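Student: My questions will all concern the structure given below.
Derivation of every value follows stated rules applied to the coordinates shown; laboratory data play no part. Note that the structure is a prediction, hence the values are computed from the model and not measured. Backbone-built Cβ (ideal geometry, glycine too); neighbour counts: all protein chains shown.
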Ligand code: COA
């Protein structure tokens, strides 16, 4: 089921057909956050290719998003692992063959789970770095010729975890710090070619796989700790995405757009869990 519908065009701040004739290529596009980013772009006129590992999930999401706008074309390209640049090159070629071009790229595929350092194996650390950081690099590498030809724009999906030290998330924090650095350097290096590169850093987004998996069961409601007094929505991320790809952001590159209701300024939200939770975990035999 889609999150957005045609009211996103009629009631929103954006004009219909904003992205008419454009194509967006999205890794992780069947996942909760990235899927709604795609819905918004498609509702506003873009065609899209969504890339994922799971064939059935990716193709089903593509069909549902395609139905949002008459005439829209949305490809669902499953069986693609962002850790393998060649499989992304194949997906990029198929997108150009079927949709004609790529203008915008969202590097959104991510892997995450909660683990303290002591129980996080070297292989587990490498898995997350490979999906989030190497996968983001591979995504741009595989679409670069199209971005260069069309003076396109890149959007990385980052996080706020690395702005401070978040226990149980050191693997993701390390990966996303790398993603920010990658985006900033690409903004400088590719700016003269007419390509923009930005990051979006979602905070606590309601209804996402990440939020469900990363919130300990029985934890007290977190929204009261957020300056704007609510959890974020996938639509909030979609709105920021539309802005960053739109002509309104033509002079915006090398930025990290935080969409978190002001939450990261408060610092970590571990409350009474710190330091007892980390102390308990740290005493076992280290997992290699
Ligand atoms: N805690 C600690 N280690 C974990 C773990 C957990 N919850 N889940 C997986 N790992 C470890 C595994 O034990 C393995 O390490 P080992 O070989 O030393 O035992 C390592 O991570 C790789 O696991 P594997 O299942 O082979 O990885 P994968 O490459 O197929 O999957 C993950 C990648 C681990 C990131 C997996 O969680 C995933 O595919 N996630 C995608 C979806 C997702 O996370 N979405 C949330 C977005 S916020």
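Student: Sort 2-12, 234-244, 158-168, 31-41 for me by packing, meaning the mean count of neighbouring Cβ atoms within 10 Å per residue, highest on top.
Tutor: 31-41, 234-244, 158-168, 2-12
Student: Let me know the Kirkwood hydrodynamic radius for segment 7-281, please, with Cα pairs as the basis and the value in Å to one decimal. If you can, show how the numbers build up before the last one.
Tutor: Details: mean 1/r = 0.0527 Å⁻¹.
Evaluated over segment 7-281, this radius sits at 19.0 Å.
Student: Right, here's the next one. Relative to the first principal axis of the alpha-carbon coordinates of the chain, what is the inclination of helix 234-245, with its axis defined by its Cα atoms, in degrees from 0 to 90 and to the nearest 10?
Tutor: 50 degrees
Student: Using the alpha-carbon atoms, what tilt in degrees (0 to 90, nearest 10) does helix 55-66 show relative to the longest principal axis of the chain?
Tutor: Relative to the chain, helix 55-66 is tipped by roughly 50 degrees.
Student: How far apart, in nanometres, would the label points at residue 1 and residue 20 be if each is projected 7 angstrom from Cα along the Cα-to-Cβ direction?
Tutor: 3.2 nm
Student: Here's a follow-up. What is the spin-label model distance, in nm, from residue 274 to residue 164 if the labels are put 7 Å beyond Cα along the C-beta direction?
Tutor: 0.5 nm
Student: Could you give the radius of gyration (one decimal) and Dmax (whole number) of the Cα atoms in segment 1-94, in Å?
Tutor: In order Rg, Dmax, the Cα atoms of segment 1-94 give 12.9, 41 Å.
Student: Right, next: Only Cα pairs under 8 Å and at least 6 apart count here; give the relative contact order of the chain as a rounded whole percent.
Tutor: Computed over the chain, the figure is 18 percent.
Student: Something else now. So what's the angle, to the nearest 10 degrees on a 0 to 90 scale, between helix 85-99 and the longest Cα principal axis of the chain?
Tutor: Approximately 30 degrees, to the nearest ten.
Student: Now, a different point. Relative to the compact globular guide of 2.2 N^0.38 Å, what is the alpha carbon radius of gyration of segment 112-233, as a ratio? Don't skip to the answer; put the middle values down first.
Tutor: On the way: Rg = 16.5 Å, N = 122, 2.2 N^0.38 = 13.7 Å.
In units of the globular-protein estimate, segment 112-233 measures up at 1.21.
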